[in-house]
Amino acid sequence: MFWELILQNRRKSLWLFAIMAVVLVVLGFVIGSVFDAERGGIAGIILAMGIWVFLTLLTLSNGDEILLKVSGAHEITKDVHPRLFNVVEEMKIAAGLPAMPKVYIIDEPAPNAFAIGLKPEKSAVAVTAGLLERLDRDELQGVVAHEMSHVMNRDSQLMTVAGIMLGSIVLVSQVFLRSLWFWPSGSRRYRRSGGGSPQLQLIMIAVAVVLAILAPIFARLLYLAISRKREYLADASAVQLTRYPSGLASALEKISSVDIQLEAANQVTAPMYIVNPLVKKGSKLSDLSSTHPPITRRIKILRSMTSGADIGSYQKAFSRVHRKSTPLIPTSGLRKSKHIDIREATPEDKNAKDDKKTQRDVMDLMRAVNDYAFMVCVCGLKMKLPPELSEDETVSCPRCGRGNKIPVAELETIGAVVGVSVGPRATAQGDTESGSRSRELEYVRKGRGWETFACACGRLLQLSPAFSGQELRCKSCGKRVRIKY
Amino acid sequence: MFGWILLGLAAAVVFYFVGIYNQLVRLRNRVKNMWSQIDVQLKRRHDLVPNLVETAKGYMKHERETFEEITKARSRAMGAGSVGDKSKAEGNLTGALGRFMLVVENYPDLKANQNFLALQEELTSTENKIAFSRQGYNDSVLFFNNKIQMFPSNVIANSFNFTEEEFFEIEEAGERKVPKVSFSESTES
């Protein structure tokens with residue numbers, strides 16, 4: 001049944017390509033004719049095609065790397081995050097991809113993910129650190145399955161082709177509209193352009209301007225309409241791959257409940273993500289201009305799938321939620337789809353909290369390996385300081401905006417501690433025992449304001465201005481720290 | 001003229017049958033390829049089991065039968081030859097591992113062990129991979145067997161010794177239901 005989707009996609013690709021190509025050619029012709037009524041049209045078409053070819057070549061040669069770099073993604077190996085790697089491999093098998101996708105982590109707290117790949121043989125999945133922190137195994141599987149479906153159904157391909165076309169159209173019309181500002185006061189030009197009366201020339205200009213304004217809008221709407229439908233289809237395929245609709249549903253719930261902006265996302269990369277990263281909470285975007293279908297509706301569809309996990313069941317749930325029977329999936333594909341039962345949830349550890357902590361530890365370790373240092377702001381945000389930062393700079397907290405001085409001595413201690421914990425992990429009990437026996441820790445307060453310092457275990461402790469006790473207990477290792485004034 | 005047409009027809013028929021033969025070969029290779037993917041995962045699981053037992057032994061002193069059951073199931077699974085035997089033996093191993101994980105619930109210290117957690121993740125992932133690749137394998141076997149039984153490809157299949165392949169079925173009943181009893185509370189809301 002996936003073949004139907006792929007075939008349909010390919011047909012769609014061609015249609016889209018044709019329509020957008022026509023728009024581009026007409027645009028080129030009209031704009032060219034404005035400058036020279038006889039030969040300008042052809043020149044305009046050649047110029048527009050030239051821009052398109054250039055953008056295509058640029059994308060084909062290293063578009064993937066550019067996108068990943070813009071998004072701030074780092075490639076990882078299996079030992080950095082075994083679970084993520086395993087889940088990607090599982091979905092690669094389920095989707096029948098010919099090669100293992102590269103796995104990337106984006107160093108951002110906002111939970112989101114995307115996949116790219118012009119060919120299924122050469123694809124990549126990127127998830128943010130925030131996503132890894134929050135999702136459990138089934139949810140992560142749902143998200144990765146959604147992304148793998150994009151690769152499997154050739155969505156990435158289609159969207160790339162469409163994106164290039166859209167880009168060319170926007171570029172051509174922008175160049176034209178800008179050039180109008182420098183339009184020399186008319187009459188000389190009319191005479192030079194051999195045939196055609198001045199009236200005709202004026203009409204041509206008017207047509208060109210209208211077209212230059214409308215074409216990008218039209219192309220964008222076309223692009224977005226396709227993008228939205230792809231998201232539903234990818235959800236449907238993801239459910240079929242994982243056989244577990246609740247996983248993706250609760251992942252989407254968690255993602256939508258977090259109110260952090262993804263900083264690396266922009267207009268170009270936004271359609272790639274599983275959830276539109278540019279939508280601000282509370283802002284009502286009109287349906288036509290958004291890259292993704294409303295997330296609440298996606299969740300509703302997934303949550304109402306109770307009888308089966310195949311693509312037919314998704315179609316049923318889709319029609320139920322939309323209250324009309326718009327065919328999302330071609331009927332020929334539906335007929336072939338066989339019923340698939342929903343599987344049980346993967347038994348998750350009861351100490352799931354600890355599990356998330358380990359995930360966060362892994363992320364921190366990854367940064368520690370890259371010579372990052374950690375510092376907790378007064379507002380509670382743990383800041384990661386890159387090694388390039390000079391010692392007496394102040395860092396402003398990205399959440400509350402306070403300026404924080406970097407305490408050099410403390411950072412060194414943390415670095416040492418992290419170096420220890422990279423090695424084999426000591427068991428939790430061993431740690432506390434040796435802690436209570438070892439010499440007492442001491443911290444001398446510098447003033448009466450907010451102060452942050454590191455415990456020997458690496459946990460950063462804070463003293464408020466109101467604190468006046470003699471002793472502080474570290475929350476993670478249980479050691480006591482004497483406070484001196 | 002008539003001779004040429006006859007020759008053309010004969011050539012078309014030959015090409016047609018060559019095409020069918022090639023398709024059969026392609027399908028058989030796909031089945032083999034799919035099977036090797038499952039086999040990799042099965043071997044991976046066999047490798048994981050001793051590590052798992054070794055890690056757990058220190059914590060679970062009074063569960064000798066559980067360990068014995070797993071070890072036996074593993075060696076039986078490793079010795080199994082044909083696909084049919086394998087699916088039975090691997091089903092047993094899956095069941096034994098499921099029961100083992102049930103017992104583990106009683107040992108919180110073991111569950112906090114980092115090494116054990118890593119092994120558990122590997123085991124879960126391997127079982128998922130087996131399940132997912134099993135799907136693809138069975139689909140390709142179904143397609144291949146259909147081709148062998150149906151006319152006209154069955155003529156070619158019979159004369160060139162293409163034999164039907166076996167499905168790989170793990171009895172899911174025991175495997176899936178056992179964990180449900182103990183983990184039901186941890187499913188998300």
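The values are calculated or read from the model by the stated rules, or taken from the named source; none is laboratory data. Everything numeric here is computed off the predicted structure, so don't read it as measured data. Quick reminder, even Gly has a Cβ in these numbers, built from the backbone with ideal geometry, and neighbours come from all protein chains shown. These area figures cover heavy atoms from the full protein model, side chains too; ligands, DNA and RNA do not enter into them. Shrake-Rupley method; radii C 1.70, N 1.55, O 1.52, S 1.80 Å.
Filter region A:231-249 for residues that are over 18 Å from A:Glu90 (Cβ atoms) and open to solvent by 10 Å² or more (accessible area, probe 1.4 Å) and give the result.
The one that is over 18 Å from A:Glu90 (Cβ atoms) and open to solvent by 10 Å² or more (accessible area, probe 1.4 Å): A:Tyr232.
State all residues of region A:247-264 that are polar (S, T, N, Q) and within 15 Å of the chain's Cα centre (by Cα); if no residue qualifies, say none. Full working, then the answer.
If we filter region A:247-264 for residues that are polar (S, T, N, Q), which is where we start, we get A:250, A:256-257, A:261.
If the condition is that a residue be polar (S, T, N, Q) and within 15 Å of the chain's Cα centre (by Cα), then A:Ser256, A:Gln261 are the ones that fit.
Confirm whether A:Met49 is free of Cβ contacts under 8 Å to residues at least 60 places away in the same chain and assigned to a helix (DSSP H, G or I). Don't jump to the end; show me each part of the working.
Numbers: free of Cβ contacts under 8 Å to residues at least 60 places away in the same chain: yes; assigned to a helix (DSSP H, G or I): yes.
Yes: the conditions hold for A:Met49.
When you scan region B:67-81, do you find a residue that is within 14 Å of chain A (Cβ to nearest Cβ) and in contact with a helix residue (DSSP H, G or I) (Cβ under 8 Å, 6 or more places away or on another chain), even just one? Steps first, answer last, please.
Applying the first criterion (within 14 Å of chain A (Cβ to nearest Cβ)) to region B:67-81 yields none.
There is no residue in region B:67-81 that is within 14 Å of chain A (Cβ to nearest Cβ) and in contact with a helix residue (DSSP H, G or I) (Cβ under 8 Å, 6 or more places away or on another chain).
For region A:295-352: of the residues being modelled with pLDDT of 80 or more, outside any loop (DSSP other than H, G, I, E, B) and among the aliphatic types (A, V, I, L, M), which is surrounded by the fewest Cβ atoms within 10 Å (Cβ to Cβ)?
A:Ile295
Return a yes/no flag: does region B:39-59 have any residue that is open to solvent by 50 Å² or more (accessible area, probe 1.4 Å) and more than 26 Å from A:Pro82 (Cα to Cα).
no
Given the condition in the same structural domain as A:Ile260 (by TED's automatic domain parsing), of a type in the set (Gly, Ala, Ser) and modelled with pLDDT under 85, answer yes or no: does some residue in region A:138-157 qualify?
Here is the first cut: in region A:138-157, the residues in the same structural domain as A:Ile260 (by TED's automatic domain parsing) are A:138-157.
Now drop any that are not of a type in the set (Gly, Ala, Ser), which leaves A:142, A:145, A:149, A:156.
Checking which are modelled with pLDDT under 85 leaves us with A:156.
The answer is yes; a qualifying residue exists.
Which of the numbered conditions does B:Glu105 fail, given that it passes all the others? Conditions: (1) more than 10 Å from chain A (Cβ to nearest Cβ); (2) open to solvent by 20 Å² or more (accessible area, probe 1.4 Å).
It is condition (1) that B:Glu105 fails.
If a residue must be open to solvent by 80 Å² or more (accessible area, probe 1.4 Å) and under 22 Å from A:Ala95 (Cβ atoms), how many such residues does region B:1-28 contain?
Looking only at that region, the number is 1.
Just wondering, is there one or more residues in region A:45-58 that are open to solvent by 70 Å² or more (accessible area, probe 1.4 Å) and closer than 30 Å to A:Ala129 by Cβ?
Going residue by residue through region A:45-58, those that are open to solvent by 70 Å² or more (accessible area, probe 1.4 Å) are A:46-47, A:54, A:57-58.
Add one more test, that the residue is closer than 30 Å to A:Ala129 by Cβ, and what stays is A:58.
Yes, region A:45-58 contains at least one residue that is open to solvent by 70 Å² or more (accessible area, probe 1.4 Å) and closer than 30 Å to A:Ala129 by Cβ.
For region B:67-102, enumerate the residues that are under 20 Å from B:Glu54 (Cβ atoms), β-branched (Val, Ile, Thr) and open to solvent by 20 Å² or more (accessible area, probe 1.4 Å).
Correct list: B:Thr71 only.
Against the condition in contact (Cβ under 8 Å) with a residue 60 or more places away in the chain, open to solvent by less than 40 Å² (accessible area, probe 1.4 Å), more than 20 Å from B:Gln120 (Cβ to Cβ) and within 14 Å of chain B (Cβ to nearest Cβ), how does A:Ala94 come out, does it pass?
Values: in contact (Cβ under 8 Å) with a residue 60 or more places away in the chain: yes; open to solvent by less than 40 Å² (accessible area, probe 1.4 Å): yes; more than 20 Å from B:Gln120 (Cβ to Cβ): yes; within 14 Å of chain B (Cβ to nearest Cβ): yes.
Criteria met by A:Ala94.
How do the pairs read when you match residues in region B:114-127 that are more than 9 Å from chain A (Cβ to nearest Cβ) with residues anywhere that are aromatic (Phe, Trp, Tyr) and outside any helix (DSSP H, G or I), using Cβ under 9 Å and keeping only pairs 6 or more apart or on different chains?
Taking only residues 6 or more apart or on different chains, the pairs are B:Phe116/B:Tyr59.
What's the total number of residues in region A:61-91 that are charged (D, E, K, R) and away from chain B (no Cβ under 14 Å)?
So the first thing to find is which residues in region A:61-91 are charged (D, E, K, R), and the list is A:64-65, A:69, A:75, A:78-79, A:83, A:89-90.
Applying the additional criterion that residues be away from chain B (no Cβ under 14 Å) yields A:64-65, A:69, A:75.
Of the residues in region A:61-91, 4 are charged (D, E, K, R) and away from chain B (no Cβ under 14 Å).
For region A:75-91, which residues satisfy the criterion of being within 14 Å of A:Val143 (Cβ to Cβ) and open to solvent by 50 Å² or more (accessible area, probe 1.4 Å)?
Matches in region A:75-91: none.
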